[in-house]
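Heads up: the structure comes next, in structure tokens.
We did not get these values from a lab; they are worked out from the coordinates using the rules stated. The shown structure was predicted, so the numbers you read here are calculated from the model rather than taken from an experiment. Positions of Cβ are generated from backbone atoms using ideal geometry, with glycine treated the same way; all protein chains shown enter the neighbour counts.
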Amino acid sequence: MTGALEIYLNAAQKAGLGTGAFSASDAEAELDDLLASAEVVPDQLAPIVATHAYELDAAISRHDIPNLTKSLERLTLSLKLNPPSDRRAAILASLAVDLEWLGRPREALAVGEEAITLQRELAAEDPSHTPN
């Protein structure tokens, strides 16, 4: 196991990942270090790591530009993990909102359209699928 992955997993485990005690802000610095080298994340852990980035984004204020900018970077890096389609669609939707708040409407529109297309594909495959 690589250094960044081991550090992240240790921090997340200490914070209670998988126990219900884990909050989005736990292991945030370790997540950022891990996302900087996303190629070291094993496929079976990619959905967990991508979900953590998504949940951190959901917890920030849209008026906090430094944190919003950091979240934009975090979400972009989490997409490199190739999360499952439903998580990818949710991350893209959050990314579109962040881009809009950062005054980048054209980029937001393109990313938002990608999220909608993916959601439609998921709904066509499974009519019970609803976006979160």
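What nm value, rounded to one decimal, do you get for the distance between Glu114 and Ser85 when each label is placed 7 Å out toward the C-beta?
Those two pseudo-labels are separated by 1.7 nm.
Please express the shape of segment 57-132 as an equivalent ellipsoid: the semi-axes are the square roots of 5 times the eigenvalues of the C-alpha gyration tensor, given largest first in whole angstrom.
23, 13, 11
Mind ordering 32-38, 96-102, 55-61 by average Cβ neighbours within 10 Å, highest first?
96-102, 32-38, 55-61
Between Ala58 and Asn10, what is the label-to-label distance in nm when each label sits 7 Å out along the Cα-to-Cβ direction?
Placing both labels 7 Å beyond Cα along the Cβ direction yields 3.0 nm.
Relative contact order (percent) for the chain, with alpha-carbon contacts under 8 angstrom and 6 or more residues of separation?
Relative contact order of the chain: 18 percent.
Nearest 0.05, what FRET efficiency do Ser23 and Ala124 give at R0 = 41 Å with Cβ-Cβ as r?
Once the sixth-power term is evaluated, E becomes 0.70.
For the chain, take the longest principal axis of its alpha carbons; what is the angle in degrees between that and the long axis of helix 46-59, to the nearest 10 within 0 to 90?
Roughly 70 degrees between the two axes.
Binning at 5 Å from 0, report for the chain what percent of all alpha-carbon pair distances ends up in each bin.
With a bin width of 5 Å, the distribution comes to 2, 11, 20, 21, 20, 14, 9, 3, 0.
Would you mind putting 8-15, 69-76 in packing order, based on average other-beta-carbon counts within 10 Å, highest first?
In decreasing order of mean packing, 8-15, 69-76 become 69-76, 8-15.
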